[in-house]
Amino acid sequence: MKLFPRSVRRGIRVLLFSAISACPAVNSLHAANPIVVGSKKFTESYVLAEIAKRALENAGVKAEHRQGMGGTIILWQALRGGGIDVYPEYTGTITEEILKKPGASTDEIRRSLDTQGIGMTPDLGFNNTYALVMRRDIAAKLGIKTISDLRAHPELKFGLTHEFLDRRDGWRPLSTRYGLKNTRVLGIEHSLGYASLANGDIDVKDAYSTDAKIAQYNLVTLRDDWLFFPQYKAVLLFRKSLPQRAIKALNQLAGTISEARMIQLNAEAEHTKDYARAAQLYFGGHESSGGETFPHKLWRWTSRHLELTGISLALAVLIGVPLGILASRGGALGHVILGGSGAIQTIPSLALLALLVPVPFFGISARTAIAALFLYSLLPIVRNTASGLQDIPRPLRESAVVLGLTSRQRLQKIYLPLASRSILAGIKTSAVINIGTATLAALIGAGGLGEPIISGLNLNDHATILEGAIPAALLALLVQALFDFLDRVLIPRGLRLRRQ
Amino acid sequence: MSALVELRGVSKLFGNERAVSGLSLPVERDRVTVLIGPSGCGKSTVLRIIVGLEKADRGEILYNAQPITAASLRTVRQRIGYVIQDGGLFPHLTARENLSLQSALLAKPRSQISQRIDELCELTRLPKNALARYPLELSGGQRQRVSLMRALMLSPELLLLDEPFAALDPLVRSTLQSELKSIARQLHQTAIFVTHDLAEAARIGDTIVLMKEGRIEQAGTFRDLSEMPATKFVTEFINAQRSTLLT
C-alpha cells in the first residue's frame, strides 16, 4: 500500500498501537466467540495463520482468520488486548522488537511472555531470517556474494520495506555494523519491491529467506558473513487464556514445517492466490473447507460491502438530514455543524479508521468501518440538505408562513419536498463515495471488496486486485442507477417538469 | 362602521432606510383600499407588517380593534388571504393540492373542500381541468387565478394583494382587474391592493392611498386625488401617470 508517505503511515501505526492497548475487549460483529487468528501483511504470515486456523478447526474449535492486519506492533498489541487470540511470529522479532532483549534464550522469551499472559509454541520447524537479495545477473557482474561486499558499491539503490527500515535489527544497525554508506535508500512495499528489483529501479532489497519470490525472480541471497541477523524461527503466539484443547492443537504444529516445505507453501499461495489452498496442501490436500469458489467469495465480499455501506449510509441519512435542517437555519450552530462535518471530511480515510480504533466499543471491527463511513457520508448529506433548504425562494417560504402553517407542517409539506432534489443528490454522492471508501475497511479486518484488493497488493497480482476493484466500480454504477430511479419516485413530479 | 384593520403610528426601518414612517391608516370593511406610490414608498411593507412577515419597529396594528400579538398571529393569518406578484404557488403541488393544503391541515372535510374549490373555479373562471396541473404547466393568468382562489379558500375577512397582476401581459391583466373588482363586490370583500399603476388603482380601488417615502400624501377617492390634490407631489404623480393613462 503506497497510499501514504512513510511518516503518515508510521503515525497511523502509532495510533493503532495506543489504540489497541487502550481497548482490552475488541469485539467482532459476529455473535459467537470463535478463536481469532491474526496475520501480518505478507504471504507467509497469511499461510501460517490459515494453517493454525485449520488445526484449531480440526481439533473441534471454532476459529476465524483476520487477514493481513498490519505489522508486528499492531498484531502484538491486538494479541495482548484480546482483539486476536493467536498469530504467527518469529523469535528474532520477539527478542528484538517485542521484548527488546536481543539474544534472549527461548526460556527467557517464554518467561517474559508468560508474565503478560501470552504463550508461545515450540518453533514450527524453519528459520525465516531476514536477508538482503539482489538480481543474480547484477550480483555476478559486480562480484557481490556477501553483505560486506556491498561496502565497495555505495552507488547501489536500496528499496527496503518500511518495517525493515524501522526495525532494531533492520537497516540502521545493519548499515552501521557493516559500514554501508549507501544513501539511495527508499521505503517501498514488499511485493512491489520485487517488481522494482526485476525492472532495475532498485538493486538491493530486504527479503525473508523462505520467500518464494527469491527463486521466482532469479535472485541471490547475500550471505550474512558477519552474522548480523538474529534467528527468525517461526512460532505461534497465543493467549494463555485459550482452552487447553486449542493450545494443544497449536503446539502439535511444532516442528512440522521445514524451510523447503514453507517455500513450497508460499509458492503455492502466491501461485493460486489462495492461502486456504496452501494450508490445505499442508494438511494433505483433501477436504475443502477453505477452498471457496470465486462466485461464493464474490458474494461474501459483496454482501459484506453492501452491509458496511448500507448501514453507514442509513445512519448518515437519519442523522445528516436533521443536522442539515438545523444548519439551514444558519447562526453559530449552523457554522458548527457545517464546519464540523467539513473537518471530518479532510481527515484521510485511513487516518480516520486509525483514529477510531482507540475508541472503546470500536476497535478492530466492522463497527469501526461503519462508523468511519458514516462520518464520511455526513458532509454531502448535511450540506445538500442545508443548501437545498436555504435555496427555497423567499416568496415560497413566506407563502407557507402566511398560510398559517405550523413550522412542522411547513417543513414536512413544503420545505423538505422542495429541497428533495438537493437532499437526494447529497445522499447519492455519499453512497457512491461510500462504496469506494469501504474498500479500506479490509485494512482493519472488516472484510468487503477491499479484501481481494489488499491481498492483490500484497501478492503484487493485478488480477486479484481487479477481483475487488471491478465489482466495487460496478456496485458504484449500480447505486448511481438506483438513485436515478429513486429521483423519479421521490422528487415530486411538479419539480421535475423544469427538466423536460 | 369601525375599521377591520388599523395601523397606528407604525414605523419600520431597514438599516438606516425608513421604509414606513409613523403611518396611521384605518382600513374600512367591505371596501378595496389601494396603496399606490413610486417604488420604495413602503406600500408593500405595509402589507408585510399586517401579515407579520415584518415586525414594526414602532406603533401598533389593530385587527378587529385588538392588537395583533405573537400569540394571535397565526389565527389572524388564517383569516387573511395574501396574493403576491408571482403567485407563490408551491411548484411540487398541483393547483388543487395548492388550494386544499391549508384547509386539509385544518382538518376540514374533503367534500367541503372540494365544494369550495368548485365555487371558486366558477367565481374566478378557472377551467376545472387546470386543477390537476402543476404551477409550471399553467399560464401566468391561470397561476394568478389559482393564487387568488387559494387566498379566498377560507373566506378570509381580509384580502391582501401585493401587485398581483404586475407580471402579466396587458390583456390578461385588464381582464383580471375587472374580474377582481366584481369578485370583491360580490363577496363584500375587504381588501388592500398594492400597485404602482394609477390606472389599475382607479379601476379597482374604492379608496386610494398615495404614499411617498413611507408616509401618506393623500387618501381619498380617485376623484379626490385628481381634483383636490393635497400636495404638489400628488399633482405630479397623477399628471405623470395620466399621460400613460391616456395613451
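Under the simplified labelling scheme, the A:H462-A:D225 pair shows an inter-label distance of 4.1 nm, with each label point 7 Å from Cα along Cα→Cβ. For the protein assembly as shown, the solvent-accessible area of protein heavy atoms averages 44 Å² per residue (probe radius 1.4 Å; ligands and nucleic acids excluded).
What separates the Cα centres of segment A:322-377 and segment B:111-131 is a distance of 51 Å. Spin-label pair A:A140-A:Y217: with each label point 7 Å from Cα along the Cα-Cβ axis, the two points sit 1.8 nm from one another. Computed on segment A:130-222, with alpha-carbon pairs under 8 angstrom and 6+ residues apart, the relative contact order is 48 percent.
Choose one answer from B:G37, B:G52, B:G81: the residue with the largest mean-square fluctuation in a GNM of chain B with alpha-carbon springs under 10 Å. Highest fluctuation of the listed residues: B:G52. Excluding same-chain neighbours fewer than eight residues apart, the lysines reachable from B:K181 by a Cα-Cα span under 26 Å are B:K43, B:K128, B:K212.
Here's how it looks for A:R66: its modeled amide H is under 5 Å from those of A:V37, A:G38, A:S39, which are all 5 or more places away or on a different chain.
To test your reading of the geometry: what angle, between 0 and 90 degrees and rounded to tens, separates the Cα axis of helix B:170-187 from the longest principal axis of chain B? Roughly 80 degrees between the two axes. What's the buried accessible area, both sides, between B and A using a 1.4 Å probe, rounded to 100 Å²? Summing both sides, the interface buries roughly 2100 Å². Counted by Cβ distance under 9 Å from A:N266, the other residues give a net charge of -3, where Lys and Arg count +1 and Asp and Glu count -1. Helical content of chain A, expressed as a calculated mean residue ellipticity at 222 nm, amounts to -17500 deg cm²/dmol (DSSP H runs of 4 or more residues, -39,500 (n - 2.57) each, divided by residue number, nearest 500). Normalised radius of gyration (Cα atoms, divided by 2.2 N^0.38 Å) for segment A:410-500: 1.48. The chymotrypsin sites (Phe, Trp or Tyr not before Pro) of segment B:1-102 include none that meets both criteria, a DSSP state outside H, G, I, E and B (loop) and at most 11 other C-beta atoms within 10 angstrom of the site's C-beta.
Among beta bridges identified by DSSP and lying wholly in the protein assembly as shown, the antiparallel ones come to about 55 percent. By the gyration tensor of its Cα atoms, with a ≥ b ≥ c the square roots of the eigenvalues, what is the shape of chain B: rounded for a/c under 1.5, prolate for a/b over b/c, or oblate? It comes out oblate by the Cα gyration axes.
Using θ = phi - 60° in the Karplus curve 6.51 cos²θ - 1.76 cosθ + 1.60, the 3J(HN,Hα) couplings for segment A:224-230 round to 7, 5, 9, 6, 7, 6, x Hz; x is entered for Gly and Pro. Centre-to-centre separation between the Cα atoms of segment B:154-173 and those of segment A:412-449: 44 Å.
Would you list the membrane-span-like helices of chain A, meaning whole DSSP H runs whose alpha-carbon atoms span at least 15 Å along their axis and whose mean Kyte-Doolittle value is at least 0.5? For chain A, where a helix must reach 15 Å along its axis and average at least 0.5, the hits are A:6-21, A:294-328, A:331-346, A:366-390, A:416-437, A:462-490. Take the cross-link list A:K41/A:K248; A:K53/A:K145; A:K62/A:K297; A:K205/A:K240 and give me the ones stretching past 30 Å between alpha-carbons. Too far apart for the 30 Å limit: A:K53/A:K145; A:K205/A:K240. Taking A:W226, A:W299, A:W171 and ordering them by how much accessible surface each has at a 1.4 Å probe, largest first, produces A:W299, A:W226, A:W171.
Interface residues of segment B:39-78, defined as those losing at least 10 Å² of solvent-accessible heavy-atom surface relative to the isolated chain (probe radius 1.4 Å), are listed as B:R48, B:V51, B:L53, B:R74, B:R77, B:Q78. Carbon-plus-sulfur accessible fraction, the protein assembly as shown (probe radius 1.4 Å, protein heavy atoms only): 55%. With Cα atoms as the point set, segment A:130-222 shows a radius of gyration and Dmax of 11.8, 32 Å.
The values are calculated or read from the model by the stated rules, or taken from the named source; none is laboratory data. Since the model is a prediction, treat every value here as computed from it, not as a measurement. As a convention, Cβ positions derive from the backbone with ideal geometry for all residues, glycine included, and neighbour counts pool all protein chains shown. Accessible surface areas use protein heavy atoms only, side chains included; no ligands, DNA or RNA. Shrake-Rupley method; radii C 1.70, N 1.55, O 1.52, S 1.80 Å.
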